[in-house]
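These notes are about the structure you will find just below.
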Amino acid sequence: MREMTLVQAVNDGLRTALAEDSRVILLGEDIGKNGGVFRATEGLLEQFGEDRVVDTPLAEAGIIGTSVGLAANGLIPVPEIQFMGFIYSGFEQIVSHVARLRMRSRGRFTAPMVIRVPYGGRIRAPELHSESTEAFFAHTPGLTVVSPSNPYDAKGLLLSAVKSPDPVLFLEPMHIYRAFRQPVPEEAFTVPIGEARVVKEGRHVTVITWGAMVRDVLDAVPKLEARRGIELEVIDLRTLAPWDEEAVFTSVRKTGRAVIVHEAVTNLGVGAELSARIHEHCILELEAPVARVGGLDVPVPLFQLEDLHAPTYPRMERAIDKVLDF
């Protein structure tokens, strides 16, 4: 075991994947000589060479399109998109080709690839650097969407994604890239895709979240519990598509109340789907309607207001009160 930050765990996962399987190839803007804008690929060019760690032009459509060709011909590309806000020029390739290749070719070709995407706000970056648009991709059949919340899961889920026979969008929460360290095995290991984790057990309210918001929720839990004398159960979804229905429904049926917390805007977000499915499957056990706490329905603002865009403690507090006092 070695203490790692989340970005170090991603780096170690990529190193492990490159060493284990000669078919793995990394490509993206500045990932080679510069080691990536967040240094997630630092040192990999020197270890594995320019044929395995490839600097590309600033052309996201080209990066994803090239990856489709590589995957169809037997390689396992791991393209990096520098920021989620930059992925939109490659969106057509992802939706029309990456997600559909298996279906379109009737199984003759597949697109095993891992598209790494730093996402989320609160890093003091301008314009399109702070997007949380995971709903675009979770809504797309043929794509698996994963978002780790800690270093251990980052490496384990990344290695699972590399082994997947189908494409995985691997969302890396930038806000916690270097926020804390955690013991992570130096050897290869996997964390199953599609399995949520009960981070904290409780009896009164289920809080469902993922990515950087897991840490925010856990930081808020002691105060939230103390003011109402309750126990919160916290679920880290980890995989957004396909999400772990069994884990969520089991928890909600136990507590009778649910609050969903995510950084993406609330309107038509992944939380809306979770809420709808919980109401459909757990209506007889619910003591109150499901509450959602998400980003405000505006573009991520500039620096002074950025922290107010993501779910704040007062908004979480109001949601807990709402489901308890219904």
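Round to the nearest 10 and give me the degree value, 0 to 90, for the angle of helix 6-20's Cα axis relative to the longest principal axis of the chain. Taking the Cα atoms of the chain, the angle to 6-20 is about 40 degrees. Between SER89 and ARG2, the simple spin-label model (points 7 angstrom out along Cα→Cβ) gives 3.5 nm.
As a calculated quantity, the FRET efficiency between ARG39 and GLU195 at R0 = 35 Å, using C-beta atoms, amounts to about 0.75.
With a ≥ b ≥ c the root eigenvalues of the C-alpha gyration tensor of region 19-151, is it rounded (a/c under 1.5), prolate (a/b larger than b/c) or oblate? It is oblate, given that a/c is not under 1.5 and a/b is not larger than b/c.
Work out the FRET efficiency for THR250 and LEU308 from their Cβ-Cβ distance, taking R0 = 30 Å, and round it to the nearest 0.05.
Details: r = 34 Å, r/R0 = 1.14.
Working from the Cβ atoms, E equals 0.30.
Placing pseudo-labels 7 Å out from each Cα toward the beta carbon at SER96 and SER22 gives an inter-label distance of 3.6 nm. Between LYS163 and GLU231, the FRET efficiency from the beta-carbon distance, with R0 = 25 Å, is close to 0.10. Rounded, prolate or oblate: which fits region 229-270, taking a ≥ b ≥ c as square roots of the Cα gyration tensor eigenvalues, rounded meaning a/c under 1.5, else prolate when a/b beats b/c? Oblate, because a/c is 1.5 or more while a/b does not exceed b/c. As a rough guide to protection, the peptides 180-187, 2-9, 240-247 ranked by mean Cβ packing within 10 Å, highest first, stand as 2-9, 240-247, 180-187. Remark: TYR177, TYR119 ranked as TYR177, TYR119, counting other beta-carbon atoms within 10 Å and listing the fewest first.
Residues whose amide H comes within less than 5 Å of that of VAL53, counting only those at least five positions distant or on another chain, are LEU26 (H built at 1.01 Å from N in the peptide plane). The stretch between ALA188 and GLU127, if pulled fully straight at 0.36 nm per residue, gains 18.2 nm over its current Cα-Cα span. Using the Kirkwood radius over Cα pairs, work out the Stokes-Einstein diffusion coefficient for the chain at 37 °C and 0.692 mPa s, in µm²/s as a whole number. After rounding, the answer is 164 µm²/s.
Computed from phi, the 3J(HN,Hα) profile of region 100-112 under the Karplus parametrisation 6.51, -1.76, 1.60 (θ = phi - 60°) reads 10, 4, 4, 5, 5, 8, 6, x, 5, 10, 10, 10, x Hz, with x in place of Gly and Pro.
A short reminder: the numbers here are calculations on the coordinates, not readings from a lab. Being a predicted model, the structure only gives us computed values, none of them experimental. Positions of Cβ are backbone-derived with ideal geometry, glycine not excepted, and every protein chain shown enters the neighbour counts.
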